[in-house]
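Structure first, then comments.
Read-outs: derived from the displayed coordinates by stated rules, not from any lab. Remember, it's a predicted structure, so these values are computed and weren't measured experimentally. Heads up, the Cβs are rebuilt from the backbone with ideal geometry, glycines too, and the neighbour counts pull from every protein chain shown.
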Amino acid sequence: MSTRETSPAAPTQSGVSAAPKASTPDSGVARSFAILLGFQCLGELIVYVTRAPVPGPVLGMVLLLCLLSARPSVVPAVEQVSRGLLNHLSLFFVPAGVGVMVFAPQLKSQLFALALAIVVSTILSMAIAALVTGMLLTRLDRKQSQHKAATAPRG
């Protein structure tokens, strides 16, 4: 028996494969990685060209967020790989931990400044988050009361 007789995707007389082209799971993963890496590279390129004081991958994530907000149909294309990366997010901190260990002597000499920066930035972040949350809740309450007033039966 020849391979031509046993192959389900053997070319027909016209030379075109008779089997339908199916998307394999591997091609979906490769496409998802390509989308994610493409946006990271786009962010890096924009930062390089504009000299923006923002890390390229962060700008790439913002651009990806804009795309996903504008075209929700793209979400399934990146969801599987994104979830896999998020499930193993802790592994991405290993290089940073190694860097801390390598530069421990330099960090030790700046320990007070680092500790102060961490404490102050944490307090500021919490305070700003509380203020924004309070403002948003006040706005929500105002909108709900306006909605209730507009829909209340007048008698």
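Assorted remarks:
- Helices (runs of 4 or more DSSP H) wholly inside segment 42-132 that include at least 3 residues being under 15 Å from the mean Cα position of the chain (by Cα): 56-70, 75-87
- Taking each residue of segment 77-102 that is in contact (Cβ under 8 Å) with a residue 12 or more places away in the chain and looking for partners that are β-branched (Val, Ile, Thr) and surrounded by 10 or more Cβ atoms within 10 Å (Cβ to Cβ) with beta-carbon atoms closer than 7 Å, six or more apart or interchain, yields Ala77/Ile35; Val78/Ile35; Gln80/Val29; Val81/Val29.
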